[in-house]
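Heads up, the thing below is written out as structure tokens.
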Amino acid sequence: MLTIRVIHDPPQSGPLNMAADETLLNRVGAGDSPPTLRFYQWDPPTISLGYFQKYADYEALPPPAGELPVVRRLTGGGAILHDRELTYSLALPVDHPLLSGGPNRLYELAHDAVIACLSEAGIDSWRGCETDDSTAARGPFFCFARRHCLDVLVGDRKLAGSAQRRTRTGVLQHGSIIFEQRFAQQPVAAVREATDLAPADLADRFAAAFAAQTGCRLDPGEWTEAEREATGLLANKYAGRDWLRRR
């Protein structure tokens, strides 16, 4: 049986969250860490720019979003206003069996797990089936105003979406599920419009649904000292001006 380590992190800053995801991509791809499913949140609320987006587009944002901290992701797509949400990331070696169905298969597996656990909570969601003309660098500024055929929708509103980064050795996929909307610049559905489910509860249900769909065994785990050290070093990159303003 395939085994995936599961890590639950406390809320933390954008640079630390993005550094942790890159650490997993690098180390899992190199075989130094096991395949890992990670759940996390953001503190303080933060804008994450897609890899190809221009920093000037963030600077042009009106308040309140334009006054929030900002970080640049490894993955493409539109910006996300991370506030009261659950974010997951999944890091796998490039030859992992879950990737054998092509680049979209991991999106399908993760989003179907989201749909399954939301259904248990009484929320009727579905995969959108339509893709707009957005590209990595072109389209609405915010990711949740864009549409991809694999996005999770409630009615016609986007509840969850994901993005990937692939290297020669590994794949990182991460995505956001919005719980509450405190900012008008979050044009999305929200879990708590329909249920009082907490992020930790959804993380557990997501993990269970993902295990059921994939046949993988999910084992609770912790960061190793080597992983923590690598994340600390990478956090300086994500907090730095050069990476943030590279475009």
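The values are calculated or read from the model by the stated rules, or taken from the named source; none is laboratory data. All figures in this text were calculated on a predicted structure; none of them were measured in a lab. Backbone-built Cβ (ideal geometry, glycine too); neighbour counts: all protein chains shown.
For the stretch 42-63: of the residues being acidic (Asp, Glu) and modelled with pLDDT under 95, which is surrounded by the fewest Cβ atoms within 10 Å (Cβ to Cβ)? Give the derivation first.
Of the stretch 42-63, the ones acidic (Asp, Glu) are 43, 57, 59.
Checking the rest, the ones that are also modelled with pLDDT under 95 come to 57, 59.
Numbers: 57: 13, 59: 10.
It comes out as 59.
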Next on the checklist: Restricting to the stretch 202-223, give me the number of residues that are closer than 21 Å to residue 16 by Cα and surrounded by 16 or more Cβ atoms within 10 Å (Cβ to Cβ).
Outcome noted: 3
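If I filter the stretch 224-241 for residues that are more than 20 Å from residue 18 (Cβ to Cβ) and either touching a Ser or Thr at 6+ places or on another chain (Cβ under 6 Å) or without any contact (Cβ under 8 Å) to a residue 60 or more places away in the chain (or both), do I get at least one hit?
If we filter the stretch 224-241 for residues that are more than 20 Å from residue 18 (Cβ to Cβ), which is where we start, we get 225.
Checking the rest, the ones that are also either touching a Ser or Thr at 6+ places or on another chain (Cβ under 6 Å) or without any contact (Cβ under 8 Å) to a residue 60 or more places away in the chain (or both) come to 225.
Checked the stretch 224-241: at least one residue is more than 20 Å from residue 18 (Cβ to Cβ) and either touching a Ser or Thr at 6+ places or on another chain (Cβ under 6 Å) or without any contact (Cβ under 8 Å) to a residue 60 or more places away in the chain (or both).
Looking only at the stretch 66-110, how many residues end up being free of Cβ contacts under 8 Å to residues at least 60 places away in the same chain and not small (Gly, Ala, Ser)?
Applying the first criterion (free of Cβ contacts under 8 Å to residues at least 60 places away in the same chain) to the stretch 66-110 yields 66-69, 95, 100-102, 104-105, 108.
After this cut, where a residue has to be not small (Gly, Ala, Ser) as well, the list is 67-69, 95, 104-105, 108.
Number of matching residues: 7.
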Checklist outcome for this item: Across the stretch 88-103, the tally of residues that are assigned to a loop (DSSP other than H, G, I, E, B) and either touching a Lys or Arg at 6+ places or on another chain (Cβ under 8 Å) or among the acidic types (Asp, Glu) (or both) stands at 3
Item to check | Unique residue being in a helix (DSSP H, G or I), under 18 Å from the mean Cα position of the chain (by Cα) and modelled with pLDDT under 95 when the list is 207, 200 | outcome: 200
Item to check | Residues being part of a helix (DSSP H, G or I) and surrounded by 18 or more Cβ atoms within 10 Å (Cβ to Cβ) - total across the stretch 64-87 | outcome: 1
Checklist outcome for this item: Residues in the stretch 88-106 that are surrounded by fewer than 22 Cβ atoms within 10 Å (Cβ to Cβ) and of a type in the set (Ser, Thr, Tyr) total 1
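If you go through the stretch 95-107 one residue at a time, do you hit one that is more than 30 Å from residue 219 (Cα to Cα) and aliphatic (A, V, I, L, M)? It would help to see each step written out before you state the result.
So in the stretch 95-107, the residues more than 30 Å from residue 219 (Cα to Cα) come out as none.
Within the stretch 95-107, none of the residues are more than 30 Å from residue 219 (Cα to Cα) and aliphatic (A, V, I, L, M).
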